[in-house]
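Nothing in this text is a laboratory measurement; each read-out follows from the coordinates by a stated rule. All values reported here derive from a predicted model rather than from experimental measurement. Here Cβ is always computed from backbone atoms with ideal geometry, including for glycine, and neighbour counts include all displayed protein chains.
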Amino acid sequence: MKLHIINETSRLRAVVLGTAKSNGPAPSLEEAYDPKSKEHILAGTYPKEEDMVEEIEAVAAVFEKYDVKVFRPKIIPDYNQIFTRDIAFVIEDKFIKSNILPDREKEIEAIDEVLKQINPEKIIKLPEEAHIEGGDVMPMGDHIFVGTYKGKDYKNFITARTNIQAVDALQQLFPDKKVVSFNLKKSNTIARDNALHLDCCFQPVGKNKAIIYKEGFLNPEEYDWLVKFFGRANIYEITRDEMYDMNSNIFSISEEVVISERNFTRLNAWLREQGIKVEEVPYAEISKQEGLLRCSTLPLIRD
Ligand SMILES: NC(=O)NCCC[C@H](N)C(=O)O
């Protein structure tokens, strides 16, 4: 398989889609690794496997409609394998394995079949001290955008998944690209104050537009840089509640087609105004685990 990913929006040809099968029982509060899951564990509203399976299979059906080749992970019994985005990422023709949260480290074993089809020379493992998850990484032509957390208290945040060592390692791996990092707001306990990954507060969409949540960025000048990069008129700002509902975590099949959550009324109307076709799916149950559509996909080939 010849990998090719240079941005977030070119026509998708091949993707790994996570699975909600055998997701395991609701974790305990101590086991949960994001604040939104914790909230739902406490409220007794943690999502049920059967509901999440139905949601994710609706996404599989959209991919089928658009003739996208879909790979699925092998099922590891009682293990969360929904958010396949984070376990690895593709930039150009390289497949980079993430140094993910230890609780999630088995997820990569389940896509062996995909790895076997990739030239081993193109499979890269960053140094162990470079923590990184795919939700924080976005190739954008000559640039690579990376979400990170630069605070000295990094190790206190289970919600900080990409460190500055990983930003540096990516720059070394892609010397011809400009790696731009963004310092993100983190909270272990309040989901509305937590930008778990870059794709939880920002995502490019269409030809030249972007969805963004300003408060997710700790450094206002980094937010300003992004606004300037896209142009103010091309920026769609979301509110704190829309960030919490994960409006920035839709997924592009092309510049003209996106998959979005059916309840994102304001966003979906804006997308349609931009001439983008919106394929609506139900994803509200999966969103309770602080991830949405981008998080559950790992693109392998785009045009
Ligand atoms: N790219 C993403 O934002 N992925 C979502 C991962 C959610 C999962 N509950 C986690 O905390 O790792």
> So how far, in whole Å, is the C-alpha centre of the stretch 159-190 from the one of the stretch 236-298?
Replying inline: 23
> In the structure displayed, which of Lys94/Lys185; Lys36/Lys69; Lys122/Lys209; Lys2/Lys116 lie more than 21 Å apart, Cα to Cα?
Replying inline: Lys94/Lys185; Lys36/Lys69; Lys122/Lys209
> Considering only Phe264, Tyr46, Gln81, whose Cα is most displaced toward the positive end of the charge dipole of the stretch 12-302, charges sitting on Cβ of Lys, Arg (+1) and Asp, Glu (-1)?
Replying inline: Phe264
>> Using only the alpha-carbon atoms of the stretch 118-266 as identical scatterers, what base-10 log of I(q)/I(0) does the Debye formula give at q = 0.14, 0.17 Å⁻¹?
In response: -0.70, -1.01
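Quote the charge dipole size of the stretch 12-302 about the Cα centre in Debye, to the nearest 20; the model charges only the Cβ of Lys and Arg (+1) and of Asp and Glu (-1).
Numbers: 39 positive and 49 negative charges, 129 e Å.
Here the size comes out at about 620 debye.
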> Please identify the GluC sites (Glu not before Pro) of the stretch 1-108 that satisfy two criteria: DSSP loop assignment and at most 15 other Cβ atoms within 10 Å. Which are they?
Replying inline: Glu30, Glu31
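Please give the contour-minus-distance gain from Val70 to Glu215: 0.36 nm per residue of separation, less the Cα-Cα distance, rounded to one decimal in nm. Write out the running numbers ahead of the final one.
Working: separation 145, 0.36 × 145 = 52.20 nm, distance 3.46 nm.
Result for the pair: 48.7 nm of gain on full extension.
Given all pairs of different Cα atoms, what value in angstroms does the Kirkwood hydrodynamic radius of the stretch 1-151 take?
Working: mean 1/r = 0.0593 Å⁻¹.
Roughly 16.9 Å, rounded to one decimal.
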> Local charge sum around Phe182 (other residues, Cβ-Cβ under 10 Å, Lys/Arg +1, Asp/Glu -1)?
Replying inline: -1
> So what's the Cα pair-distance distribution over the chain, bin width 10 Å, in %?
Replying inline: 6, 30, 40, 22, 2
> Scanning the chain for trypsin sites (Lys or Arg not before Pro) in DSSP loops with at most 11 other Cβ atoms within 10 Å, what's the longest stretch left with none?
Replying inline: 153-303
>> If Rh is defined by the Kirkwood formula over all Cα pairs and Rg also comes from Cα, what ratio Rg/Rh do you get for the stretch 244-287?
In response: 0.93
> By how many nm would the segment from His143 to Glu113 grow when fully extended, if each residue of separation counts as 0.36 nm and the alpha-carbon distance is taken off?
Replying inline: 7.8 nm
